[in-house]
Amino acid sequence: MKLLKFFTSKAFWVSVIVAVLLVVIGAYLALQWLGKTTNHDQKIAVPNIGKLTSEQAIKVLEESKLQMVVLDTLDFDKNVPPLSIVEQDPKANSFVKENRKIYVKINAATYKDVIVPNLSELTYRQALTTIVSLGLKEGKKSYRTYIGKDVVLQVLQNGKELKQGDRIKKNSVIDFVLGDGRATLSEEELDVAPEIE
């Protein structure tokens, strides 16, 4: 009986109304505060900074009240200016809020160095597979008298002989001097050949 009397009392209903009003007012104030601190209605279009240098991109982004963060330097692409922006995230014309970080990837200044492996005495096909896997390009082939047909005798770049361990730029053109398979061993060379047991 006392419980029923409490639920019907004026003090109970005043407390309920005050509690509901406090929750509603608190929620309203919280939403207003969040709207102002998170810039809820603010939209800034992300500018296209592709192919700009990092200095130019920083200026463009600062004018839009955005920040730039470099994530990575990608392999050199000759179709894009050196040290310029290759990729950006978020993409151009996306809408973001003020002070948003724009993540970018930059084109390298030049091709990376590649260490020349030992290619002598390999077949041309083996050597070609090796240089292509390193990012080098096939150049001219010339032949010299040698017993092994299409065996690599020399590797050249711009007429200069390359040795194992030399450093050259990726995407360089490599020329080959190959055996023509026409040489034969003389009897003297056959006599000197080691015996196989």
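Taking the criterion of being in a loop (DSSP other than H, G, I, E, B), without any contact (Cβ under 8 Å) to a residue 40 or more places away in the chain and not hydroxyl-bearing (S, T, Y), the residues of region 1-47 that qualify are M1, H40, D41. Taking first residues from region 69-92 that are free of Cβ contacts under 8 Å to residues at least 40 places away in the same chain and partners that are aromatic (F, W, Y), the Cβ contacts under 7 Å between residues at least 6 apart in sequence or on separate chains come to V69/Y103; L71/Y103; D89/Y103. Beta carbons closer than 8 Å, at least 6 apart along the sequence or on distinct chains, pair a first residue in region 170-195 that is farther than 23 Å from K160 by Cβ with a second that is modelled with pLDDT under 55 for L185/A193.
Which one of D77, D72 is in a loop (DSSP other than H, G, I, E, B) and outside the structural domain of G135 (by TED's automatic domain parsing)?
D77
Listed here are the residues, each with its yes/no results for (1) among the acidic types (D, E); (2) more than 26 Å from L178 (Cβ to Cβ).
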site: V80; (1), (2): no, yes
site: D89; (1), (2): yes, yes
site: K105; (1), (2): no, yes
site: S120; (1), (2): no, no
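Screening A92, A109, A183, A127 for residues that are at pLDDT below 90 and either closer than 30 Å to Q67 by Cα or among the small types (G, A, S) (or both) leaves exactly one candidate, A183. Name the one entry in A57, A45 that is out of contact with any Leu (no Cβ under 9 Å at 6 or more places or on another chain) and crowded, with 16+ Cβ neighbours inside 10 Å. None of the other options fit; the residue is A57.
Each row is one residue, and each column tells you yes or no for (1) modelled with pLDDT of 90 or more; (2) touching a Ser or Thr at 6+ places or on another chain (Cβ under 9 Å); (3) farther than 30 Å from L134 by Cα.
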| site | (1), (2), (3) |
| --- | --- |
| S9 | no, no, yes |
| F12 | no, no, yes |
| L31 | no, no, yes |
| P47 | yes, yes, yes |
| E63 | yes, no, yes |
| K78 | no, no, no |
| L83 | yes, yes, no |
| K105 | yes, yes, no |
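The values are calculated or read from the model by the stated rules, or taken from the named source; none is laboratory data. Everything numeric in this text was worked out from a predicted model, so none of it was measured. Note that we place each Cβ from the backbone using ideal geometry, even for glycine, and neighbour counts take in every protein chain shown.
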